[in-house]
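We did not get these values from a lab; they are worked out from the coordinates using the rules stated. None of the values given here were measured: they were computed from a predicted structure. Note that each Cβ is placed from the backbone with ideal geometry, even for glycine, and that neighbours are counted across all protein chains shown.
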């Protein structure tokens, strides 16, 4: 046998013996290996990890392999994956049994306007004679009305007519259980003391409420989107419509459905 063939055979036998020792080795004393580095928002690659790997996002994140089947990287938490899991309504889809939380908008602010649904309400409307709308705070907290407003529908049932809306100035607020009146057919839009004797002060608009055709009335958010819509009924309304001396109001006061009521501006509704 040549010297070269003898050396090659010895190398093969040595490799097989090394494999036998590796297979029979005891790995119980080994500790999990920690790997650092990785791209921004990912936690390092590391080998030997599987679904049990723990990863932290951010630049130079860390990953800890906990063993398992062979493979590279394991499951890496990435901020983009979290964003991809958000559903269209801004919530995080964490499975049917998870508690859902609303994610804030991208600009970091949180729009709490929808918390006023059912608390800031149109409570009563007069469409015959002295046209007026009564707002009511049905909640337990003071409501800041800065930037909110009242608008009539375009036509009888269209979108809000923002050009003729009244917008409440900064510093306007409603304590729990309080009322604010908006009176129609005024010369100017805004705060006024010309309130038909219904209240010491109110807010005026130049338009009135159509009692002949019915008309929609909107509460507008500061971003010019509707918070609530109430329709003053036409005479053909199946449940009837108010006549002179009557109004369209909520029973129970502030929380109930609309029906024909006695005129009670700046006070609780009753029939």
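Side notes on the structure shown:
- Residue among 125, 217, 140 that is within 25 Å of the chain's Cα centre (by Cα) and part of a strand (DSSP E or B): 217
- Against the numbered list (1) in contact with a strand residue (DSSP E or B) (Cβ under 6 Å, 6 or more places away or on another chain); (2) farther than 21 Å from residue 269 by Cβ, residue 171 comes up short only at (1).
- Yes/no for residue 129 being surrounded by fewer than 21 Cβ atoms within 10 Å (Cβ to Cβ), out of contact with any strand residue (DSSP E or B) (no Cβ under 8 Å at 6 or more places or on another chain) and touching a residue at least 24 places away in the same chain (Cβ under 8 Å): yes
- In the condition set (1) touching a strand residue (DSSP E or B) at 6+ places or on another chain (Cβ under 8 Å); (2) part of a loop (DSSP other than H, G, I, E, B); (3) over 22 Å from residue 153 (Cα atoms), residue 209 is compliant with all but (3).
- Conditions (1) assigned to a loop (DSSP other than H, G, I, E, B); (2) closer than 21 Å to residue 265 by Cα; (3) within 23 Å of the chain's Cα centre (by Cα): number failed by residue 130: (3)
- Set 249, 254: member being surrounded by 16 or more Cβ atoms within 10 Å (Cβ to Cβ) and part of a loop (DSSP other than H, G, I, E, B): 254
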